[in-house]
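Only the coordinates and a few stated rules stand behind these numbers; no lab work does. Model, not experiment: these values are computed from the prediction. Quick reminder, even Gly has a Cβ in these numbers, built from the backbone with ideal geometry, and neighbours come from all protein chains shown.
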Ligand SMILES: Nc1ncnc2c1ncn2[C@@H]1O[C@H](COP(=O)(O)OP(=O)(O)OP(=O)(O)O)[C@@H](O)[C@H]1O
Ligand SMILES: [Mg+2]
């Protein structure tokens, strides 16, 4: 079989995974966290209950941040400081963020966004302008799946940052 060419700098790096339990989703988050660094933006999409917050919980564990990640339903964003010397995790629920980026900057998060890992649920059309490099994670349930714990996850790394970031290590 022909070996696929390495993606060009601005081509998207994309992987697809099948996840079969909430624990496995969390484990994916813990493993993905090892690839993340300050300034990264991760956008999570998927219907209600898809597993966006479950994945973020794993990210928080993998990053070693303080506080349990929960659904930020009554706040727009929550900052989880690092317990070590890593970046803080800023977990955003953009559902009620009408104004996009400007509103994000007005939140007075007491943290510098370029120094943080930012994870946004429901951010489509609202936070893309934060950075042109971003990781888009789409989670969906397969129609007609016999078990309701199966999720299909597509991770798409956009921009130079993700071209050589090692996303493919998550498939192993
Ligand atoms: N494979 C799976 N991955 C993640 N969660 C799963 C999986 N199978 C079942 N679940 C269950 O689905 C629910 C996912 O909830 P979660 O809060 O993570 O979703 P969400 O996408 O953040 O929803 P919302 O849009 O309301 O924020 C949990 O109750 C979890 O136990
Ligand atoms: Mg959620």
At 7 Å along Cα-to-Cβ for each site, give me the label-to-label distance between residue 170 and residue 96 in nm. 2.9 nm
Just want the ordering: 52, 34, from fewest to most Cβ atoms lying within 10 Å of their own Cβ. 34, 52
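Can you put 149, 129 in order of Cβ neighbours within 10 angstrom, beginning with the fewest? Present the calculation step by step, with values, prior to reporting the outcome.
Values: 149 14, 129 11.
Exposure proxy ranking, most exposed first: 129, 149.
Based only on other Cβ atoms within 10 Å, what is the fewest-to-most ordering of 122, 162?
By the 10 Å Cβ count, ascending, the order reads 122, 162.
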Can you tell which of 71, 45, 112 shows the greatest fluctuation in a Gaussian network model of the chain with Cα springs below 10 Å? 112
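If you average 1/r over all unlike Cα pairs in region 98-172 and invert the result, what Kirkwood radius do you get in angstrom?
Values: mean 1/r = 0.0673 Å⁻¹.
Over region 98-172, the inverse of the mean reciprocal pair distance is 14.9 Å.
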Taking every pair of alpha-carbon atoms in region 13-171, give the share separated by more than 21 Å as a whole percent. 41 percent
If contacts are Cα pairs under 8 angstrom and at least 6 residues apart, what is the relative contact order of the chain in percent? 33 percent
